[in-house]
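The values are calculated or read from the model by the stated rules, or taken from the named source; none is laboratory data. Predicted, not measured: the structure shown is a model, and the values here were computed from it. Cβ atoms come from the backbone with ideal geometry, glycine included; neighbour counts cover every protein chain shown.
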Amino acid sequence: MNPPVATLALVGPLPPPSGGMANQTRQLARLLTEAGIEVVVVRVNAPYRPAWAGRLKGVRALFRLLPYLRELWNAAGRCQLMHVMANSGWSWHLFTTPAVWIARLRGVPVVVNYRGGEAEEFFARAFAWVRPTLRRADVIAVPSDFLDGVFRRRGFAPRIVPNIIDLSRFSPATGADAMDAAPQVVVARNLEDIYDIPTALRAFALLRERFPRARLSVAGSGPRLETLRRLAEALDIASATTFTGHLDNEHMAELYRDAQLMLNPSLADNMPISVLEALASGVPVVSTDVGGIPHLVEDGTTALLVKPSDAEAMAAAAVRLLEDAELYGRLREAGLALVRRYAWDEVRERLFAVYREAVRGSGPGPA
């Protein structure tokens, strides 16, 4: 299969820190390079230069923004197409907007790959600022039916290109046992309010009443670490809880292979790569039913879903799953079947079709 362009500028975050969009950007750069495309990565979260500028909260954005704009301008002069990994909030205004307008100024087709799980709320308050930039994208791509609906309600018709999961890295361990007396539980979200880690901790404390030898690993970093440590102490689960910090893909794969269950307590979400990684590793998931989650997994078929901020319901679903070997095995196999549609071989042609459309310059058509 011939690639649709020879050179491409990929604009987005890279690890560190690790995170869904950063990992997807890095993985996509590698896959496109292997497909024969010369990829110029323009990093939106490059280290501050000089390093001390990162401590100047009032002006530090300028120390990152000015070099970023220069790199965007240079990359647009080298490439045939610009692919922008876009998010909500200030990330949109500071990074996506200038990328799109610079691409247009330099006559380069641009794909806006919007991935923010908080799109509905962000658009409700800022769409008057967002719309002019969206109208200058040649194609808008989103990873889920959920975001497709958000855009269509505002008059845009995006193309759906799912997240990509590396099935060579994330694969199931053999001999997984739903009835393990000491189940390993994983939470793989950053320690931020939107991901509601306190609910997962409270659910785990209730789970320990039935499985007193259960252990919890919270893989992520963020501003709520000390608050969460104190909550774990108060819930008397500190000795059974490990805050691992950010883990790279290799260590995350190892963590999933040792786990029996994943909890996803987020308050807003789109298509979390962490859920796909868990499913690809043969680890059943109990998740909140927010945002794009019900579009990604089906309650009782590929995961168990509960209402947000309900620790009792999350704990009850987790206990049910760990005690019911038939249900556990059925969800595990259904999850493994589901993630195969997110392998690169399945997603590549959909992405390349978007690139061809952008190069033809058809624009983001009406819904």
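Please enumerate the residues belonging to segment 256-289 that are of a type outside the set (A, V, I, L, M, F, W, C) and within 20 Å of Thr244 (Cα to Cα).
As a first pass, look at segment 256-289 and keep what is of a type outside the set (A, V, I, L, M, F, W, C): 256-258, 260, 264-266, 269-270, 272, 274, 277, 281-282, 284, 287-289.
Correct list: Tyr256, Arg257, Asp258, Gln260, Asn264, Pro265, Ser266, Pro272, Ser274, Glu277, Ser281.
Please go through segment 1-34 and give me each residue that is over 12 Å from the mean Cα position of the chain (by Cα), among the polar types (S, T, N, Q) and under 28 Å from Trp90 (Cα atoms), ordered by number.
Gln27
Would you call Pro132 closer than 29 Å to Leu351 by Cβ and out of contact with any helix residue (DSSP H, G or I) (no Cβ under 8 Å at 6 or more places or on another chain)? Full working, then the answer.
Working: closer than 29 Å to Leu351 by Cβ: yes; out of contact with any helix residue (DSSP H, G or I) (no Cβ under 8 Å at 6 or more places or on another chain): yes.
Yes.
Please list, ordered by first then second residue, the pairs with beta carbon atoms under 8 Å, 6 or more apart or interchain, first in segment 232-245 and over 16 Å from Glu209 (Cβ atoms), second in a strand (DSSP E or B).
Once the first residue is over 16 Å from Glu209 (Cβ atoms) and sits in segment 232-245, its partners that are in a strand (DSSP E or B) give Thr242/Arg215; Thr242/Leu216; Thr242/Ser217; Thr242/Val218; Phe243/Val218; Thr244/Ser217; Thr244/Val218.
Of the numbered conditions (1) over 22 Å from Thr302 (Cα atoms); (2) touching a residue at least 40 places away in the same chain (Cβ under 8 Å), Leu263 fails exactly one; give the number of that condition.
Single failed check for Leu263: (1).
Identify all residues within segment 202-238 that are assigned to a helix (DSSP H, G or I), farther than 16 Å from Val186 by Cβ and in contact with a helix residue (DSSP H, G or I) (Cβ under 6 Å, 6 or more places away or on another chain); write none if there are none.
Arg202, Leu206, Arg210, Leu231, Ala238
For segment 250-266, name all the residues that are surrounded by fewer than 23 Cβ atoms within 10 Å (Cβ to Cβ) and either within 19 Å of Val161 (Cα to Cα) or touching a strand residue (DSSP E or B) at 6+ places or on another chain (Cβ under 7 Å) (or both). Full working, then the answer.
Here is the first cut: in segment 250-266, the residues surrounded by fewer than 23 Cβ atoms within 10 Å (Cβ to Cβ) are 250-251, 253-255, 257-258.
The answer is Leu255, Asp258.
Say we look at segment 36-80 and pick out the residues that are small (Gly, Ala, Ser) and within 27 Å of the chain's Cα centre (by Cα); which of these is modelled with the lowest pLDDT?
Applying the first criterion (small (Gly, Ala, Ser)) to segment 36-80 yields 36, 46, 51, 53-54, 58, 61, 75-77.
Pick out the ones that are also within 27 Å of the chain's Cα centre (by Cα) and you get 36, 46, 54, 61, 75-76.
Details: Gly36: 97, Ala46: 78, Gly54: 57, Ala61: 63, Ala75: 97, Ala76: 96.
Going through the qualifying residues, I end up with Gly54.
Taking segment 144-194 only, how many residues are part of a strand (DSSP E or B) and in contact with a Phe, Trp or Tyr (Cβ under 7 Å, 6 or more places away or on another chain)? Step through it out loud before you land on a result.
Going through segment 144-194, the residues part of a strand (DSSP E or B) turn out to be 156, 159-160, 184-187.
With in contact with a Phe, Trp or Tyr (Cβ under 7 Å, 6 or more places away or on another chain) added as a condition, the list becomes 185-186.
Selection size over segment 144-194: 2.
Kindly evaluate Met271 against the criterion of being part of a loop (DSSP other than H, G, I, E, B) and within 15 Å of the chain's Cα centre (by Cα). Reasoning before the result, please.
Working: part of a loop (DSSP other than H, G, I, E, B): yes; within 15 Å of the chain's Cα centre (by Cα): yes.
Criteria met by Met271.
List the residue pairs whose Cβ atoms are under 6 Å apart, where the first residue sits in segment 30-47 and is free of Cβ contacts under 8 Å to residues at least 40 places away in the same chain, the second is part of a helix (DSSP H, G or I), and the two are 6 or more positions apart or on different chains.
That search, which allows pairs on different chains as well, returns Val39/Ala29; Val39/Leu32; Val39/Thr33; Val40/Ala75; Val41/Ala29.
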